Amino acid sequence: MKHIYEKTVTTVFIVPTLNIDREDLYNNKLINGFIADVNKEDYYQEDAVFLLFKPKDIEIFRAFLEKEYEINPFIIEDYDYEEGYVVLVYQLNPELKKDIELIKQSKYSKVSDSFKELFPLRLIDYSDPKRGTTMSIQHLIFDKDKRLLAFWEEQLGGEDFAMDPEAELWNEFSLKNEILDIETIIENENNIK
């Protein structure tokens, strides 16, 4: 079954800073990243990120998890939820605190150049069997790229609509969308089966 989830702001702008191989994220079925988990109040802190997976192959996932514990200094813990969900908890790099705060304020174009450099300009499209590359959405957003601006203007009102030049080109950071609530996710998945 294919899972369709809207990517959180955490997934788009914070998860890539954790230095996790993108292919590993794709192969292990990362669903989304969150800044908190409603069931883990002890981790409700500004410097943690929660990655929700629903791996199809548990052996491949275990190998990935072992590798993460060996090479990634930011991983804190992992835990399971029913129906095959697994959460990995990472500590955010404290050097990125100012930029992550800008992300949480939805000021994507205001992040530092050093933060932007954490994101590749082009990405391998792992959903494409030919493994083509695609432009990084983050750079389009950071730079307020005119192609993305034209896309949003078309989506929001057609050729007669002009966006405010000061507007950011991505969804606003909304705390309610950035907190993991596994019961809601399981309920939503059961509704699409």
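The values are calculated or read from the model by the stated rules, or taken from the named source; none is laboratory data. Just so you know, these numbers come straight off a predicted model, no measurement behind them. Counting neighbours? That spans all protein chains shown, and the Cβs are built from the backbone with ideal geometry, glycine included.
Before moving on, here are some points about what is shown:
- Single condition K67 does not satisfy, out of (1) of a type in the set (D, E, K, R); (2) surrounded by 16 or more Cβ atoms within 10 Å (Cβ to Cβ); (3) closer than 16 Å to L18 by Cα: (2)
- Qualifying strands (runs of 3 or more DSSP E) (wholly inside the range 48-146; at least 3 residues being among the charged types (D, E, K, R) and over 17 Å from the mean Cα position of the chain (by Cα)): 75-81
- The set of residues from the range 1-19 being among the β-branched types (V, I, T) and either at pLDDT below 95 or in contact with a Cys (Cβ under 8 Å, 6 or more places away or on another chain) (or both) comprises just one member, I4.
- Answer residue from the range 161-178, given it is aliphatic (A, V, I, L, M) and under 18 Å from the mean Cα position of the chain (by Cα) and is surrounded by the most Cβ atoms within 10 Å (Cβ to Cβ) among those: L169
The rows are residues; the columns are (1) surrounded by 13 or more Cβ atoms within 10 Å (Cβ to Cβ); (2) in contact (Cβ under 8 Å) with a residue 12 or more places away in the chain; (3) closer than 28 Å to T133 by Cβ.
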{"residue": "P16", "(1), (2), (3)": "yes, yes, yes"}
{"residue": "K56", "(1), (2), (3)": "no, yes, yes"}
{"residue": "D78", "(1), (2), (3)": "yes, yes, no"}
{"residue": "K104", "(1), (2), (3)": "yes, yes, no"}
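- Being among the polar types (S, T, N, Q), under 25 Å from T134 (Cα atoms), surrounded by 13 or more Cβ atoms within 10 Å (Cβ to Cβ) and at pLDDT 95 or above holds for only one residue in N32, N27, and it is N32.
- Test: residue in the range 149-160 that is in a loop (DSSP other than H, G, I, E, B) and either surrounded by fewer than 15 Cβ atoms within 10 Å (Cβ to Cβ) or not charged (D, E, K, R) (or both): no
- Taken over the range 51-96, the criterion of being aromatic (F, W, Y) and more than 18 Å from N39 (Cα to Cα) is satisfied by F61, F64, Y69, F74.
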